[in-house]
Amino acid sequence: MLRVSNIKINISLDQDKYIKKKLSSIFDQDIKEYKINKRSIDARHKPDIYYIYEIDIDVKNEKEYLDLGIASEVFDEEYKIDQSKIKKSLKRPIIIGFGPAGIFCSYILAKAGLKPIIFERGKQIDERIKDVEEFWKSNNLNINSNIQFGEGGAGTFSDGKLNTMIKEKIRQKFVFKTFVECGAPEEILYLNKPHIGTDVLRTVIKNLRNKIIELGGEIHYNSCLTNINVDNNKIKSIVINDQDEYETDDLVLAIGHSARDTFKMLHNFLEMSPKPFAVGVRVQHKQDLINKNQYGESYKLLPPADYKLTYQTKDGRGVYSFCMCPGGFVVNSSSENNRLCINGMSNHDRDEENANSAIVVTISPSDYGSDIFDGMKFQEMLENKAYIEGKRLIPVSLYKDYKLNQVSTSFGSIKPIFKGGYSFGNINNIFPEYINNSLKEAIDYFNTKIKGFNDDDTIIAAVEART
């Protein structure tokens, strides 16, 4: 199979027709079928906007085109498990957490015939959805079944963006193909910025779970790791819910970023060190504003636009956008009593009126303290202040009022789109002064990149604390 790169087709044209036309001219033969390996958008020279394709194709006389440098050769490799390297044991491996890491670890081990046992502190996805929707409606929180905890992990109630730092393409392809087998759209195999969407992810997660069970995996819900029994510096067993003991030689911790009680328990067994992270707010703009800035007047021919923004303040502090959700919601994603945090979420079609993104400020042990859990305490302090400022609901403000250090009294031209209740509050009261100053300086700067970013009516919500 050959791969041809940098095929440019104007977005206004019939894509399939013009791809075949270009391929026919390149290979001097009629092209009936092809496969898209990658598609991205080039909007650098508006109003001329193009889709850029990487195309895989079978043609006659492959060597001739390789010699001419017209195409490169492609081998369709599959991710395989080396059975010779698998350590057989009478004790089954145990995985704690059934979010993305736990799910794929479980799936790989199950495919290898090791029949893993999985413990998830939250509920199955259908029950979890009911708990989350009830929380958004009544503000009654289930601390073990919410946006952070439960089958699928926190990402299930997000945009489902498929980002990875893994450079091993064969492993990436395996993950994406597994998602497609379980109900994700095939477009994720070739889009430059693939996403699944929270609505589709819920079905994907159930199908992945069933694959694991069919392969011999065993999943326990409402099951929280509460202790580890160690003998001679080796794991002997674990304790679930302070009462049930399970023996194992192999333990995988896939616990995510919110299992603070588990972190404290693990400190009895593991050396840990604090690290930098980032905290901030979520901003809402009309999606059309983002689309027009990114694509110009051609935006109606294209999917909802995203953005990625970075800035360094005058005092050297980093500020950046994180988890940008086109056409989505800002959601109450709390998981602890008397504390409030938020996140962004989009369905697959990204068809809500607003775009939202976290705008976060980098902080380090020099800001919050060098003791092992000082960063976690700092997060908890911000989440508690947000809970108080919003009167148990998401605290919100117009950007102009945030800059003026006052409480808003009404919304402007942007309709608020939230999952969970919200109330006006003074967001300045939540953060230390250096974070407020950094956020305002950066948001004003981002207006030079996206015109209208710092409009008075821009909606600000807090607190984004779990990046």
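All of the numbers you see were taken from the coordinates with simple rules; none came from a lab. As the structure is a computational prediction, the values presented were derived from the model and not from experiment. Don't worry about glycine lacking a Cβ; one is built from the backbone with ideal geometry, like all the others, and counts go over all protein chains shown.
Structural remarks
- Set of aspartates and glutamates near K449 by C-alpha distance (under 20 Å), chain-local residues within fewer than 8 positions excluded: D42, D48, D288, E297, D306, E441, D457
- Cα-derived Rg to Rh of region 51-154, Kirkwood definition: 1.26
- Basic side chains Lys and Arg get +1 at the Cβ, acidic Asp and Glu get -1 at the Cβ, and with that the dipole of region 277-464 about its Cα centre reaches some 220 debye.
- Here the chain is assigned +1 on the Cβ of each Lys and Arg and -1 on the Cβ of each Asp and Glu. Its dipole about the Cα centre then comes out at about 280 debye.
- Signed unit charges on C-beta, dipole axis of the chain, positive-most listed residue N146, S321, S84: S321
- In the chain, a dipole from Cβ-located charges (positive for Lys and Arg, negative for Asp and Glu) runs towards its positive end, and of I363, N268, Q312 it is Q312 whose Cα lies farthest in that direction.
- Across the options H348, S237, I103, the greatest Cα extent toward the positive end of the charge dipole of the chain (unit charges at beta carbon of Lys, Arg, Asp, Glu) belongs to H348.
- The ranking of S408, S397, S357 from fewest to most other beta carbons within 10 Å of each one's beta carbon is S408, S397, S357.
- Counting only Cβ charges, +1 for Lys and Arg and -1 for Asp and Glu, the dipole size of region 2-73 around its Cα centre is about 340 debye.
- By the count of neighbouring beta-carbon atoms within 10 Å, fewest first, M376, M165, M272 end up ordered M165, M272, M376.
- Under 23 Å from the Cα of K8 - lysines, other chains or at least 8 residues apart: K17, K20, K21, K22, K32, K35, K38, K46, K193, K292, K300
- Distance between the C-alpha centres of region 453-467 and region 144-193: 26 Å, rounded to the whole angstrom.
- Alpha-carbon centroids, region 398-437 and region 270-345: separation in whole Å: 16
- Shown for D159, D261: other C-beta atoms within 10 Å of each C-beta, ranked fewest to most, produce the order D261, D159.
- Taking the C-alpha atoms of the chain, convex hull volume expressed per residue in Å³: 172
- For region 84-266: rounded, prolate or oblate by the Cα gyration tensor [a/c cutoff 1.5]: oblate
- Tail weight of P(r) past 17 Å, computed on alpha-carbon pairs of region 97-172, percent: 54
- Prolate/oblate/rounded call for region 307-448, Cα gyration tensor, a/c under 1.5 rounded: rounded
- Within straight-line reach of K123, meaning a Cα separation under 16 Å, sit the following lysines at least 8 residues removed in sequence or on another chain: K206.
- The mean sequence separation of alpha-carbon pairs under 8 Å and at least six residues apart, normalised by the residue count of the chain, gives a relative contact order of 15 percent.
- For region 242-388: rounded, prolate or oblate by the Cα gyration tensor [a/c cutoff 1.5]: prolate
- Start at zero, step by 5 Å, and the Cα-Cα distances of region 2-73 spread as 3, 16, 28, 24, 15, 9, 4, 1 percent across the bins.
- DSSP-assigned coil residues among trypsin sites (Lys or Arg not before Pro) in region 60-125, each with at most 15 further Cβ atoms within 10 Å: K60, K80, K87, K88, K91
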